[in-house]
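In what follows, a single structure is set out as structure tokens and then discussed.
The values are calculated or read from the model by the stated rules, or taken from the named source; none is laboratory data. Every value quoted in this text rests on a predicted model; they were computed, and no experiment measured them. No Cβ is skipped: glycine too gets one built from the backbone with ideal geometry, and neighbour counts run over all protein chains shown.
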Amino acid sequence: MNVAILTLSDKGSRGERADASGPALAAWLTERGATIARTAVIPDEAEQIEETLRNWADEGAFELILTTGGTGVSPRDVTPEATLAILDRVVPGFGEAMRLHSLTKTPHAMISRAVAGIRGTTLIINLPGSPRGAVENLEAVWAAVPHAVAKIQGDPAECAAPPHR
């Protein structure tokens, strides 16, 4: 699976802080056989986020785009709105599952506004900006990601229910 990781950080984009969440996600994904095809760090600017997501998804080179950062409630947290602006379809279960999983670790999870959805043939998932939070949230939904990507790409196989645990 070809993956792109977009980090949203005003300080990171200005070189005032090193991005740790993008590399943490890349390492985690690489261990699972994914190819990190592109990464970037840009400021928390809705128009720039929209443009980058739109361009990356429309290239068709990535099955999965992950964003990290900008999913909270501070005035500069605009990632969910920018993502929603370019999606063809919303997939709410990803955000719901991530928040539910994160609530077992911190009550602050309920202020996450992360969203996920589809543009063209690309799945886009918003993740928190902290390295630990980003990886933990991706872990929480990873079991469904390859199946979702296959379906988005046009896999005609039946969707059998997974076995109960």
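A few notes on this one:
- Residue count for region 86-105, restricted to those that are farther than 12 Å from Glu136 by Cα and either at pLDDT below 95 or not acidic (Asp, Glu) (or both): 9.
- The set of residues from region 103-130 being assigned to a helix (DSSP H, G or I) and in contact with a Gly (Cβ under 7 Å, 6 or more places away or on another chain) comprises just one member, Ile111.
- Reported count of residues in region 58-90, each being under 26 Å from Gln153 (Cβ atoms), outside any strand (DSSP E or B) and out of contact with any helix residue (DSSP H, G or I) (no Cβ under 7 Å at 6 or more places or on another chain), is 8.
- Scan of region 27-83 for residues that are acidic (Asp, Glu) and either closer than 22 Å to Thr121 by Cβ or within 12 Å of the chain's Cα centre (by Cα) (or both), ordered by number: Glu50, Glu51, Asp58, Glu59, Glu63
- Unique residue being hydroxyl-bearing (Ser, Thr, Tyr), at pLDDT 95 or above and closer than 14 Å to Val3 by Cβ when the list is Thr83, Thr35: Thr35
- The number of residues in region 24-53 that are of a type outside the set (A, V, I, L, M), closer than 23 Å to Val141 by Cα and either assigned to a loop (DSSP other than H, G, I, E, B) or touching a residue at least 40 places away in the same chain (Cβ under 8 Å) (or both) comes to 3.
- Enumeration of residues in region 1-19 that are closer than 17 Å to Ala134 by Cα and crowded, with 17+ Cβ neighbours inside 10 Å: Val3, Ala4, Ile5, Leu6, Thr7, Leu8, Ser9, Gly12, Asp19
- For region 123-165, the set of residues classified as at pLDDT 95 or above and of a type in the set (D, E, K, R) consists of Arg132, Glu136, Glu139, Lys151, listed by residue number.
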